[in-house]
Amino acid sequence: MQRGKGMKFVGDSRIPAERKPNIPKDYSEYPHKTEAFWPNFLLREWMVGAVFLIGYLCLTVAHPAPLERVADPTDTGYIPLPDWYFLFLYQLLKYEYAAGDFTVIGAVIIPGIAFGALLLAPWLDRGPERRPIKRPIASSLMLLGVISIIFLTWESVDDHDWEAAAQQGAIVEDVEVDESALGYEIYQSQESCIGCHGGDMLGGAAAPNIFESDYNKDEVMDIIINGAEGMPADQFEGTDEELETLAEFIANDGQDPEGNGDDEAGEE
């Protein structure tokens, strides 16, 4: 029997009948519209990136990033503020339905639904149309997300107390407080003072740095007794002698003018 006699061979549709040689397409008919990836395209992209990088470096040198003072974990009055691209989430957590006992809703569930809807948008609208007006589902989800982010970011910026934030984050000069002085011990016994000015006497969100103003002893005593702007009166709990010692300690920028603390420490 002759080989193949009476048999029909069916071609595989996955293999073309005519094989073309593996030769790249000729783009000569499209002058100035194509170029070699290496080195022309990569070199041009690198040059553009270098220009932007140099521009950013010049900008950071001319306008350094605003820095705040060293973080103090004991300062409970500090109001943190996230970077601008997280302000919309920061504002969302201020609302009652997304804060307190419902923090999980504002921090996890609502953002998860929002970003999940954006990720599912290509599967919810699989039409071939590219115009936004012809893709109502995808366009609506995108517009809703963009509008929500812009609105919450604007509300966060508008509601934030920027003046208080600048004061609480301002870099202050280091003041070496004489912790062995009697005035420092008196200050540490005053809970009303520590609650506002902090344990280090350098201030917080509720009150300024004690040593930032040049007050004499009498002026400091007058402020402690009669109060000042934003500071209530008659908050000192102690004798007149302790008040005078504390006022003199503050007026002397945290140092014992008579050196009593050092003498006592030496004797001990």
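Readers should treat all values here as calculations from the given coordinates under stated rules, not as data from a laboratory. Worth saying up front: this structure is predicted, and the values here are computed from it rather than measured. All Cβ positions, glycine included, derive from the backbone under ideal geometry; neighbour counts span all protein chains shown.
Things worth noting here:
- Inter-site label distance for R126 and I105 at 7 Å from Cα along Cβ, in nm: 3.5
- Residue-wise HN-Hα couplings along the stretch 153-161, as the Karplus relation 6.51 cos²θ - 1.76 cosθ + 1.60 with θ = phi - 60° gives them from phi, are 5, 4, 5, 5, 5, 6, 7, 6, 7 Hz; Gly and Pro carry x.
- Ordering 128-138, 147-157, 52-62, 241-251 by mean Cβ neighbour count within 10 Å, with the highest value first, yields 241-251, 147-157, 128-138, 52-62.
- Relative contact order of the stretch 65-138, defined on C-alpha pairs under 8 angstrom at six or more residues apart (%): 14
- Between F52 and I137, the modelled labels are 3.4 nm apart [label points 7 Å from Cα along Cα→Cβ].
- Neighbour net charge for Y95 - beta-carbon separation under 14 angstrom, K R +1, D E -1: -3
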